Amino acid sequence: MTLSPTSSVSSRALPTLESRLPQRRELLTAIPGPASQELAARRAKAVPASAVSTMPVYAADADGGIIRDVDGNSFIDLGSGIAVTSVGASAPAVAQAVTEQVGHFTHSCFMVTPYEGYIAVAEELARLTPGDHEKRTVLFNSGAEAVENAVKVARLATSRQAVVAFDHAYHGRTNLTMGLTAKTMPYKTNFGPFAPEIYRMPMSYPYREANPEITGEEAARRAIEQMEKQIGAGSIAAILIEPIQGEGGFIVPAEGFLPTLADWARENGVVFIADEVQSGFCRTGAWFASEHEGVVPDLITMAKGIAGGMPLSAVTGRAELLDAVHAGGLGGTYGGNPVACAAALATLHTMEEQDLAGRARGIEELVTPRLRALAEELGGDQGPIGEVRGRGAMLAVELVKPGTTEPDPETTRAVAAACLSQGVLILTCGTYGNVVRLLPPLVIDEQLLSDGLEVLESVLRSHSSTASDLTAPSHVTAPSHVTAAKG
């Protein structure tokens, strides 16, 4: 079956960027194909079942907005490895920088024999992160490491212990960050006890507020009142929050929520930590999601999109906080690895050169009106779409049982599986498992993005008209041949 190219999704076009792989979806086998099935069998004998994968296909190549599997199937990538490959999975500048660095040295440990790349990344992050205050940066490997070290810094600098996190939060899988994470399954179940002195406060979740008229400032005051009563301002080392919550459901707090919390923190000597692991690096249409309301965090944690797929994370923040830590108190064997630093510098340069923050805004302008129009088409409050939300290229559709706000995780899983069967990779998330999230590479071709949206729209329409027929299959299949080509 051959699908005709769809028309442009908006009068505003995304500039076309060069790609190494053809930017079209093409299915040549059933999904998963025989080579993927063979790898799955090998995996079952070597990898524990607890280390799950969302997709049953195995990647062989990726470029632009396409992932090609070991059977030769080409999928539209609307996940970017969970917001990691924003510049593409094989961006030329990143690949070149990595190759050149590997040719010199792969590791020396910055704590033993330092090198310029680490310093250059720190300088760039000081320039790009919000605020014109003097800053310092320390580099690590993962988002969880960054969060854990930010908490260490806040506790030491304030001589306080309590840390405030929020409902629906996700901050990682280490012991401390599991405690900070809100969702129990699969992240926390039976892994305790967790680190002490962590307190959870209510988040601003506009779609699910009991009082739909509550403002962002009022929601923040609700949390502040609980903090003052349950903990006491003088005992709180840090407030830790994702400016847009990621795994919790791409929750965008009501306007005023973040600034009110940040102002209260500043007035009370509390370190305000923005977890920008998923929302950072142009993803929301700004370099960092904090910028949308002019919030200047004391510390920012970063990872994912920072280095084009290489493992790197960072904590950047006020010099007086990071300089308060004793010598040797921060570090790690691989933290700020020279190859990852080279990749990061190339990634940041690519983001600036190609204006990927602007492309993220363009993606929002293309995608959001279509999804909102679809919600109306499917019956508004009577349809399966509860809310369309997000910023830039960090967008989400919350699915509910028609006519209610009851989460519908079964349909959400089924939608993802049906999209995969037609060559489109989408991710799900949410405290209730009922959110389809869209995280396309910021370099995605407009026609490819439109094609992926058309598939998602078709699947959601199918659900609306024949809900009983849309179930998540145990083995995803595909037509014998599907091609959707660029115009």
remark   = Fewest to most Cβ atoms within 10 Å: 261, 139, 128 sort as 128, 261, 139
task = Could you state the angle between the C-alpha long axis of helix 216-230 and the longest principal axis of the C-alpha atoms of the chain, as a value from 0 to 90 degrees rounded to the nearest 10?
result = 50 degrees
Formal net charge of residues neighbouring residue 252 (Cβ-Cβ distance under 11 Å; K, R +1; D, E -1) = -2
key: Cα long-axis angle, helix 409-421 against the chain (0 to 90 degrees, to the nearest 10)   = 60 degrees
Whether segment 278-416 is rounded, prolate or oblate, judged on the alpha carbon gyration tensor where a/c under 1.5 counts as rounded = prolate
inquiry  = Need the list of lysines near residue 304 for cross-linking: C-alpha distance under 28 angstrom, and skip anything on the same chain fewer than eight residues off.
reply    = 135, 152, 183, 188
request  = For residue 428, list long-range residues whose amide hydrogen, built 1.01 Å from N in the peptide plane, is under 5 Å from its own amide hydrogen.
outcome  = 437
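Where Lys and Arg each count +1 and Asp and Glu each count -1, what net charge lies around residue 391 among other residues with Cβ under 9 Å from its Cβ? If you can, show how the numbers build up before the last one.
Working: positive: 283, 361, 389; negative: 364.
It works out to a net charge of +2.
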inquiry  = Sort 149-158, 32-41 by the packing proxy (mean of other Cβ within 10 Å over each peptide's residues), most packed first.
reply    = 149-158, 32-41
ask   = Relative to the longest principal axis of the chain, what angle (0 to 90°, nearest 10) does the C-alpha long axis of helix 446-465 take?
value = 80 degrees
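Report, in deg cm²/dmol and to the nearest 500, the calculated mean residue ellipticity at 222 nm for the chain, where each DSSP H run with n ≥ 4 adds -39500 (n - 2.57) and the sum is divided by the residue count. Could you put the intermediate results ahead of the total?
Working: 13 runs with 164 residues, N = 487.
After summing the helix terms and dividing by the residues of the chain, the value is -10500 deg cm²/dmol.
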message = Taking a ≥ b ≥ c as the square roots of the Cα gyration tensor eigenvalues, with a/c under 1.5 meaning rounded and otherwise prolate when a/b beats b/c, else oblate, which class fits segment 95-353?
response = prolate
remark   = One finds, for residue 40 and residue 102 with R0 = 30 angstrom and r their Cβ-Cβ distance, a FRET efficiency to the nearest 0.05 of 0.45
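Can you tally the net charge around residue 237? Count Lys and Arg as +1, Asp and Glu as -1, for every other residue whose Cβ sits under 12 Å from the Cβ of residue 237.
Details: positive: 152, 155, 160; negative: 197, 298.
Within the 12 Å Cβ shell, the charges total +1.
Does segment 171-290 come out rounded, prolate or oblate by the C-alpha gyration tensor, with a ≥ b ≥ c the root eigenvalues, rounded set by a/c under 1.5 and, if not, prolate when a/b is larger than b/c and oblate if not?
rounded
The numbers here are math on the coordinates, done by the rules we state, and not lab data. Here the structure is a predicted model, which means the values were calculated and not measured. Virtual Cβ from ideal backbone geometry, glycine too; neighbours counted across all protein chains shown.
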